[in-house]
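Please read through the structure below; I'll follow up with questions.
Readers should treat all values here as calculations from the given coordinates under stated rules, not as data from a laboratory. What you see is a predicted model, and the numbers here were worked out from it, not measured in a lab. Using ideal geometry, Cβ is built from the backbone for each residue, glycine included, and neighbour counts are taken over all protein chains shown.
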């Protein structure tokens, strides 16, 4: 049974828990260099104002430097830089005109809120654009001067982009190789330590991210990319065979040696991908796997053989997964699977322009909150009042749980950063000391952002305070005003949810039902047979839907006053659905590339009926009583998988029956 939500426990855990930073030191250092270098150059050249403008632009786009292909990274940073420059220009030009700024805040808030439709990178562009709009408005300029200032902001973004891709000719495929190496290590861990049968399929998130990187719109072409895509396919095949062996092997110790050899080969492939060298020390392990086929039960031999073949193909392609493959002729790139192919932006926007859509509600909430923040800044005459709408843009999220958590942590981190930075500036008032402190705080902000949000906000606040101090704004004079604006903004963000709430409890059933529908589609491809690509697309869609459902469940757990019965039901359903999809993936491994299984069609029908009941608890359960298809004659292994699928379906049905009793 899930424990009730506790504000004290949530806040305590968020403040005290420091996760291992997932940002490489090299990335944090180069992003910091992009902010500090313009300040140093400006100070040495006697143009500190220009250095501040470029540094602000570099700080604005810092978090757009995310893992992925270089083209993808370059495009994200430049789009963020362009959005920041245009927002800065609008703020500089219209900052002194209250009505115009309120109208701009409405437009920027709505547009920035709707960008949540297009993922985290677009969401960051929207947030930073809103921030620069209200910050620039504090310094009204003539159009010509505003254009110069906006150009400096854009130059800072370009500088970060250049730093992000400066090693491109030397390490052209480094992001792809790193992502593949991580995936192969996760599958190696799966080989060494098979998870329980009710656990979700391992390496799901890694494979989803990898598929987006290798099959997205920004990948390169050529022999190396072909090798990467083969490695992606083989990773999926290896995972399927390992899951099948786990499901079919009644005596775990039977495969201990084979699992160890498999893990060794996978680790060798990961090491080769990291270094760019050919895989080494794999021949002996592959030979032992080949010999092991004669010592295991007959039901396991086909899967052990397929596993060895997939590992051999992965080893061969790992040797080609680098720049040396570019010497061969480029081939046409593979199309992105439908499950990961983005819908046309206008179609997505049109579909979400209604009050029931989460993105639309968030966009309206953001628009009015930002506009009210700008209006309050002008009407109340708050000194440094831009801190109020700026904090609103940062804190207000698409769901209540995140807004509450980030609001509280933002308030605590901001107050901590204001106090500590003011003290540091009093102790070390020199220009060189200020730039050094700014660089240190900027590095901590970039490095700790995913480890502890409160500490990261404290570092960001210090960075901004020092940047403004270099521009002539005394931190001691603005400490009181910024603290008040931060508290008011966090309270206003939470009040916006109380006025027009969007609770996860109203969306989690839909997210879970969509996951079940994707599982049903996957089962249908197992029933039809003969179309390997369609089956791979359905599997990819199931991974994406599962990730979305899990994210919804996590938001539900973090939401206050969540009905305990609903949370317990979704957690039970998630566990049983994991059993279902693991068994289905093991079933796919028994079918090969072209085989089919009529039982999968019956199971798919039942899963769709269960999805309908998840969406609407009032739906009748009578239609779910469908006769099971007979197992393939003489196929005991497949019969066991049929039984496990049936058991998972029965458990899902029982959980729903209890919830509606």
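If I stretch the segment between residue 484 and residue 616 completely, what's the gain in nm (0.36 nm per residue apart, minus their alpha carbon distance), one decimal?
Contour length minus Cα-Cα distance gives 43.0 nm.
Compute the distance from the alpha-carbon center of the stretch 91-107 to that of the stretch 355-417, in whole Å.
17
Given labels modelled 7 Å from the Cα in the Cβ direction, how far is it in nm from residue 165 to residue 561?
My value for the distance between the label points is 4.9 nm.
Turning to a different aspect of this structure: At a Förster distance of 30 Å, what's the computed FRET efficiency of residue 532 paired with residue 298, Cβ-Cβ distance as r, to 0.05?
My answer for the efficiency is 0.75.
Which order do peptides 645-658, 362-375, 567-580 fall in by mean Cβ count within 10 Å, highest first?
362-375, 567-580, 645-658
Hey, another quick one. For the stretch 72-160, just say rounded, prolate or oblate: build the C-alpha gyration tensor, square-root its eigenvalues into a ≥ b ≥ c, call rounded for a/c under 1.5, and beyond that prolate if a/b exceeds b/c, oblate if not.
oblate
Another question, then. Over the stretch 400-462, what is the mean sequence separation of C-alpha contacts under 8 Å (at least six apart), divided by residue count, expressed as relative contact order in percent?
Relative contact order comes out at 49 percent.
How much length, in nm to one decimal, is gained on full extension between residue 107 and residue 451, taken as 0.36 nm per residue of separation minus their Cα-Cα distance?
Values: separation 344, 0.36 × 344 = 123.84 nm, distance 3.29 nm.
Value of the extension gain: 120.5 nm.
For a quick protection proxy, order the peptides 543-555, 291-303, 52-64, 457-469 by their average other-Cβ count within 10 Å, most packed first.
Those peptides, ordered most packed to least, come out 52-64, 457-469, 543-555, 291-303.
In what order do 238, 40 fall by count of nearby beta-carbon atoms within 10 Å, going from fewest to most? Provide the component values of the computation, followed by the final result.
On the way: 238 27, 40 17.
So the residues, fewest neighbours to most, are 40, 238.
Any chance you could check the Cα centroid distance between the stretch 284-306 and the stretch 489-558 for me, in angstrom?
38
OK, next. Please compute the length gained on full extension between residue 305 and residue 498, using 0.36 nm multiplied by the number of residues separating them and subtracting their Cα-Cα distance.
Once the chain is fully extended between residue 305 and residue 498, it gains 63.6 nm.
Fewest first, what order do 500, 108, 447 take by the number of other Cβ atoms within 10 Å?
Ascending number of Cβ neighbours within 10 Å: 500, 447, 108.
Could you sort 179-189, 502-512 so that the peptide with the highest average Cβ count within 10 Å comes first and the rest follow in order?
Highest mean packing first, the order is 179-189, 502-512.
Can you give the FRET efficiency to the nearest 0.05 for residue 647 and residue 568, using r as the Cβ-Cβ distance and R₀ = 30 Å?
With a Förster radius of 30 Å, E is 0.90.
Another one. Got a sec? How would 236, 524 order by Cβ neighbour count within 10 Å, fewest to most?
Details: 236 22, 524 19.
Taking fewest neighbouring Cβ atoms as first place, the list is 524, 236.
If I take R0 = 51 Å and measure r between the Cβ atoms of residue 474 and residue 288 in this structure, what FRET efficiency does the formula 1/(1 + (r/R0)^6) give, to the nearest 0.05?
In this case the efficiency is close to 0.10.
Testing the spin-label approximation: label points 7 Å from Cα along Cα→Cβ at residue 346 and residue 657. State their distance in nm.
5.2
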